[in-house]
Every structure is written in C-alpha cells, then in structure tokens.
Amino acid sequence: MEDARSRLVDIFAFVFMPNHIHLLLRQLEIMGVSLFMQKLGSGYSGYFNNRYKRKGHLFQGKFTARNISGDEDLKTVLTYIHTNPLSLFDVGWKDKGVKDYDQAKDFLMSYRWSSYLDYLGIKNFPSITERDFLIKIFGNVENIKKYVDLWIENKKNMF
C-alpha cells in the first residue's frame, strides 16, 4: 500500500508575489507537479476562503511549467525567482537595471516571502525547501549570493 502522504515534488525555491507565485520544483512522481499544483490550488484556496469568509476562485488561470535544460538554466531560474520581488522595489528594473544596487540587495534581504533567505542560511521557511541540491550546483552558499548580486548589477533581460 502506497503512503497517501508521500511527496509529489521537491520544492527547490519559491517566491510569493502580491499577484502570482513562482516555484522551482523537481517532480518525484509521474504527474507530480500537476498533482501538487492541484492540491496547492484547492487546499490553499479553501483555507483562504474560509479564513476570510469569501467564496470563489483564488488563482486565475492555469499554472505554466517548463523543463530546466541544465545547470546554467537551473542557476538562471533560481536567480530569476529570488530577484522577482525587486519589481516591487524598483518597477521596470528588468529593462532599465536597478537604480541603487545596495538598496536593491537590502530589499531582497528583507523580503520575507521567498526562499532566498533560507539559501543564505537565514532561517525563514527552512523546512519548506530542499536546498542541498542547488547549493551543490552553485558550489556553496556564497556563490548563490554572488550570482544574485551579479544578476542585479548586470541585468539585461537574461530570462
């Protein structure tokens, strides 16, 4: 008999934005990502609707997914997810670059709704993500921070 609570995915990274979320997942079972997203959508919607005494859909439309095509792609996606909150700090930064690198970096260090802090060893939501795999891909935690910092400083529509 299969354990009904077996994991469908590993969550490598996440960011919750005001109007969307980004997840970096590794599928552990056939259709694992789809089933996980279905459970996330219905479970969280039910909780949210009950908590705030509302009805109806919480998420708009279907989720989109894409396969990662290698280590560099994986690094890019992780960095894209972790820098996504900068659009709250500096609208248009992806096209024009950030106006103040130090403030942008500080903003990311203060943005709680992301797995970035956990990757840097600051316990935020440490039990949610599986970080060892990506830390190994980057070489170490310091390289993750350097990669993010360089991405912010040299952003040129890299994704």
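The values are calculated or read from the model by the stated rules, or taken from the named source; none is laboratory data. A quick note: this is a predicted structure, and the numbers were derived from the prediction, not measured. Note that each Cβ is placed from the backbone with ideal geometry, even for glycine, and that neighbours are counted across all protein chains shown. Note: accessible area is taken over every heavy atom of the protein model, side chains too, but ligands, DNA and RNA are not part of it. Shrake-Rupley method; radii C 1.70, N 1.55, O 1.52, S 1.80 Å.
Computed values, structure above
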| item | result |
| --- | --- |
| Residue identified as open to solvent by 90 Å² or more (accessible area, probe 1.4 Å), of a type in the set (Lys, Arg) and more than 29 Å from Arg7 (Cα to Cα) among Lys53, Lys123, Lys105 | Lys53 |
| Residue satisfying condition, being open to solvent by less than 60 Å² (accessible area, probe 1.4 Å) and more than 27 Å from Lys136 (Cα to Cα), within set Gly92, Gly32 | Gly92 |
| Any hit, segment 49-68, residues being in contact with a Lys or Arg (Cβ under 7 Å, 6 or more places away or on another chain) and without any contact (Cβ under 8 Å) to a residue 24 or more places away in the chain | yes |
| Val98, sole failed condition from (1) open to solvent by less than 50 Å² (accessible area, probe 1.4 Å); (2) at pLDDT below 90; (3) more than 18 Å from Pro18 (Cα to Cα); (4) not in a loop (DSSP other than H, G, I, E, B) | (4) |
| Qualifying residues in segment 126-159 (those that are closer than 12 Å to Lys75 by Cβ and in a loop (DSSP other than H, G, I, E, B)) - the one least open to solvent (accessible area, probe 1.4 Å) | Gly139 |
| Matching residues, segment 9-29, being modelled with pLDDT under 95 and of a type in the set (A, V, I, L, M, F, W, C) | Phe16, Met17, Ile21 |
